[in-house]
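Reviewing the structure listed below.
Derivation of every value follows stated rules applied to the coordinates shown; laboratory data play no part. This is a predicted model, so every value here is computed, not measured. In this analysis, Cβ positions are derived from the backbone assuming ideal geometry, glycine residues included, and neighbour counts consider all displayed protein chains.
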Amino acid sequence: MPLRKNSRMNYLDQLESESVYILREAFNRIDKLAMLWSLGKDSNTMVWLAKKAFFGHVPFPLIHVDTGKKFPEMYAFRERYAKEWNLNLVVRPCPPVEEVDQSLPPAARSAARKTLGLRNVLKEFGFQGVIAGIRRDEEAIRAKERVFSPRGEDGTWDLKDQPPEFWNQFNSDVPPGTHLRIHPLLHWTEIDIWRYCQREKIPCVDLYFAKNGKRYRSLGDQDITSPVASNASTIEQIITELQTTKVSERSGRKMDHESEDAFERLRADGYM
Amino acid sequence: MNKLKLVIVGHVDHGKSTLVGRILHETGALPEGKVEAVRAMSEKRGMPFEWAFVIDSMQAERDQGITIDTTQIRFKTAARDYLLIDAPGHKQFLKNMVSGAAGADAVVLVVDAHEGVQDQTRRHAYLLRLLGIRRIIVAVNKMDLAGYREDRYQEVRKEVAAYLRSIGVNAVDINFLPIAAREGANVRARSAAMPWYEGPTLLEALDAVPQPLSVSDLPLRLTVQDVYKFDERRIIAGRIESGHLHVGDTLLFSPINATARVASIEAWNAPAPATAGVGQSVGITLDEDIFVERGHVASHSHSAPVVTNVFRASLFWLGRTALVPGAQYRLRRGAAETPAVIERIDRVVDTNTLASGPGDKIEWNGVAEVTVRTRGLLAIDHHADNALTGRFVLVDGHQIVGGGTASTEDYPDQRRNSAPKGTNLFHVSHRVAPEDRARMNGHRGGILWFTGLSGAGKSTLAVELERRLFAKGYQTFLLDGDNARQGLSADLGFTPQERAENIRRIGEVSALFAEAGMIVISAFISPYRVDRDRIRAAHGEYFNEVYINAPLHVCEARDTKGLYRKARAGEVKDFTGVSAPYEAPIGPELEIKSGEWTTERCLAALVDYVEEHLAYRPAKIRVVK
């Protein structure tokens, strides 16, 4: 059987196949489905995987919950690829920072605007499922996530009592008034994303590449994201850098580090 | 790079955390200076250093967003990458353990050399086997506290081996090794303290575990997730759970039993492949527009899955409310979903003692052997043949509440239904109409189909009924199980498949007799409802199901042929009621309570039934005035 050898998958193929399976489950099981597109490397990968899953089509709307404070390069990227990838793009602004929980630390407050913005979009369109590009290796709280993760009314997450999920069977039914978060990249790591972007030639914003000894490892709002010291100006160099670094990916995201429980509070309230 | 997913389990305090800490240390996965820092801190607090402190300290750091993941810890050897899954084993977190551990490729079972096998050792091993994790490395830990003695190691090894064997783990899938995690003995480096041990170290044993995808020589199973018509293509999308397919292959779709050839394997932004294999999410087009939908399973026709609506299963129950027989759930096998009931709880299993007994419910976190009946036909595999497609989950409301592995051996495959194989067949109509025969005989033709346990009295009643009906002028004939087995079905044995075929043949012969105008009494155990229903479906106008109902204990007490005794002794295999199931009729035409009634009362009821239903009453003759 000479063909068998050729059809064996490598590691990136396995990751891709798993994500495609998850996206297809979501599309079949959930009537009103959307995907969050934050314009970063992970969500671009997710759009790419959707095109793989649905053979060149993206059969649900893409939502950009816009804080209005992204980098200009990101907005340019959005306009270009929404057209090029033939996306059904929905852009909605986030409410002003005065409307969020004032007991949160400042950067988390800024991030919480996205939670509110997302809640409004869900209400406006009646979405029962939103696909989000979070990964287990990003952050301790996200590590505890399920692939199909139920959210209560108002989008809240019950970390302590999550439903069982095994054997590729997902809890894909939603009680009325609640929704599901679907996480097709949960099992990927930062370096996996870059290796896949490299292999597939997935475009990304060039803020990820080093200029003057600095680059962004993770892209959020301008005022709460800072670059890390790096000379990696190509994907190859980024991969090499990640193989040796002991600095965490989200070290430049201020909201993760303001207080011990800030991120957990954000997520319990419905943050991505 | 390929990763091996690993889960470490064991009884509390048998050294799981210590082992994790030591593995991370030996493989260089710990941040620089970490061990020294924890050692210094322990000294300052006046406590002996523990490897578990390293893990705790990393967890604390991680929660501040700096180091690695708590639920999935990564490390690597020269051979490959590993993902260590944290699967909390406390009883109340079973659903979390199941969610974490179900994806593991191999398990390290840590057993304290001093304490030996304990409750959680058994419980974890049992559940992991149920979850389908086959590779088990048993690390007999704390050998330092057992004086590195070989005899103690062998004792524990034997104890663990006996338990694993009793739950059906193959010896070839188990490695045993003696370690002292705290000292690092036999973790990476061979221990000088245990020169008598010549096997691999723990890391060597891990590196020797085959990558799971490289061992798949199983038949093709592609479960259809969806059918897409985004453009002119009609793409069948799904994931290959086992085996391989090629463009041009003829695929058999189950349970609908339709075939078509693979016209193409579709791909976006990549050349269209000619072949696809296990694990791949694919999209294919077919050369014919046959009806295919989500849940159907594609295979090659020579190695198809079982099609059934009833099977036995080992089940673990995660529902907060106890599972009771008869309650409705939704059963999911791959992408197929159908309503299902747990028809019967055959045994409730105590995972500690493996003692199993009857039960009328399965409590939260309980394990049991059950009989499952689905409303629709399901394509499923015997779990021992294909672990991936031989398992299912139960859903209640909005949540998965249980998982199980299927045993399809006791029931016949229902794929081969009554559809004839030949295509150029024409029914020859008779010149003599049934009505003519009935007028001549004074009664209609019909089948009295006696079903019931061995010893219920089928043959006794059938023989006497034939005599009495004959005496009353009825054309009757008796077809008996043992007689048919000597001729018509001499080539058949007693597997579910062969039993089904035997009953099909007798059903057809009975129908011929009935068509010829006779009253045929067919006395066969015929344990499967589906077989009897098939005769009813094919020959409903003649078929009268008569349930000869005597409880098992009555039949067993009678044991006229001595068969129950032999079955209980294991001398007769697949014996209905003892080692093979009996499915009582639902709504039979007639029920004879042969366990309670006298033979005379039974016979009277039978004769009455015949006279009422089969005696010829001519259509009313119009009287012209």
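Annotations
- Computed from backbone phi, the HN-Hα couplings of segment B:217-223 come to 10, 6, x, 5, 9, 10, 8 Hz, rounded to whole numbers (Karplus: 6.51 cos²θ - 1.76 cosθ + 1.60, θ = phi - 60°; Gly and Pro given as x).
- Scanning chain A for long hydrophobic helices, with DSSP H runs required to stretch 20 angstrom or more by C-alpha along their axis and to average at least -1.0 on the Kyte-Doolittle scale, returns A:11-29, A:106-125.
- Fraction of antiparallel bridges per DSSP, the protein assembly as shown only, in percent to nearest 5: 60
- Per residue, the convex hull spanned by the Cα atoms of segment A:127-260 measures out at 152 cubic angstrom.
- Percent of alpha-carbon pairs separated by more than 23 Å within segment B:520-621: 40
- Here the average projected area of the convex hull drawn through the C-alpha atoms of segment A:197-252 stands at 3.9 nm².
- Fraction of beta bridges assigned by DSSP in segment B:434-613 that are antiparallel (%, nearest 5): 0
- Listed peptides B:167-176, B:326-335, B:543-552 by packing density, highest first (mean Cβ within 10 Å): B:543-552, B:326-335, B:167-176
- Shown in residue order for segment B:562-579 are the 3J(HN,Hα) couplings computed by the Karplus curve 6.51 cos²θ - 1.76 cosθ + 1.60 at θ = phi - 60°: x, 7, 4, 4, 5, 5, 5, 7, x, 7, 10, 8, 6, 8, 4, x, 10, 10 Hz (x for Gly and Pro).
- Diffusion coefficient, µm² s⁻¹, Stokes-Einstein with Kirkwood Rh over alpha-carbon pairs of segment B:124-176 at 37 °C and 0.692 mPa s: 278
- For B:Arg74, the residues whose amide H sits under 5 Å from its own are B:Asp69, B:Leu84, ignoring neighbours fewer than 5 places away on the same chain, with H placed 1.01 Å from N.
- Alpha-carbon Rg/Rh ratio, for segment B:306-407, with Rh computed the Kirkwood way: 0.94
- Given in Å, the Rg to one decimal and the Dmax to the nearest whole number for the Cα atoms of segment B:434-613 are 15.9, 54.
- Dipole magnitude of segment B:306-407, debye to nearest 20 (Cβ charges: Lys/Arg +1, Asp/Glu -1, about Cα centre): 240
- Of all DSSP beta bridges confined to chain B, the antiparallel ones make up roughly 65%.
- Residue mean of other protein chain beta carbons inside 10 Å, A:27-34: 2
- Rounded to the nearest Hz, the phi-derived 3J(HN,Hα) couplings of segment B:186-191 under the Karplus curve 6.51 cos²θ - 1.76 cosθ + 1.60 (θ = phi - 60°) are 6, 7, 10, 9, 5, 8, where x marks glycine and proline.
- Between helix B:34-44 and chain B there is an angle of about 70 degrees, using the helix long axis and the longest principal axis of the Cα atoms.
- Expressed as a fraction of 2.2 N^0.38 Å, the value expected for a compact globular protein of N residues, the C-alpha radius of gyration of segment B:239-381 is 1.32.
- Sorting the segments B:466-473, B:223-230, B:515-522 by their mean number of nearby beta carbons within 10 angstrom, highest to lowest, gives B:515-522, B:223-230, B:466-473.
- Cα centroid separation, segment B:258-284 to segment B:349-408 (Å): 33
- Only Lys, Arg (+1) and Asp, Glu (-1) charged, at Cβ; segment B:391-543 dipole about Cα centre in debye: 340
- Working note: Debye formula, equal point scatterers on the alpha-carbon atoms of chain B, no solvent; log10 I(q)/I(0) at q = 0.13 Å⁻¹ is -1.36.
- Dimensionless Rg/Rh of segment B:88-153 - Kirkwood Rh, Rg from C-alpha atoms: 1.04
- Interchain or long-range residues, amide H under 5 Å from B:Leu478's placed H: B:Ile521
- Rg and Dmax, both from the Cα atoms of the protein assembly as shown and both in Å, are 33.0, 122.
- Semi-axis lengths (Å, descending) of the ellipsoid that matches the C-alpha gyration tensor of chain A: 26, 25, 19
- Cα pair distances of segment A:14-131 binned at 5 Å [whole percent]: 2, 11, 20, 21, 19, 14, 8, 4, 1, 0
- Packing, taken as the mean count of other beta carbons within 10 Å per residue, orders the peptides B:261-269, A:82-90, A:45-53 from highest to lowest as A:45-53, B:261-269, A:82-90.
- Within segment B:3-214, the percentage of alpha carbon pairs spaced more than 27 angstrom apart rounds to 28%.
- Averaging the Cα positions of each part gives two centres, and for segment A:190-263 and segment A:31-75 these lie 19 Å apart.
- Bins of 5 Å from zero: percent of alpha-carbon pairs in segment B:216-303: 3, 16, 29, 30, 16, 5, 1
- Summary of the geometry: segment B:553-605 and segment A:109-154, compared by the centres of their Cα atoms, lie 60 Å apart.
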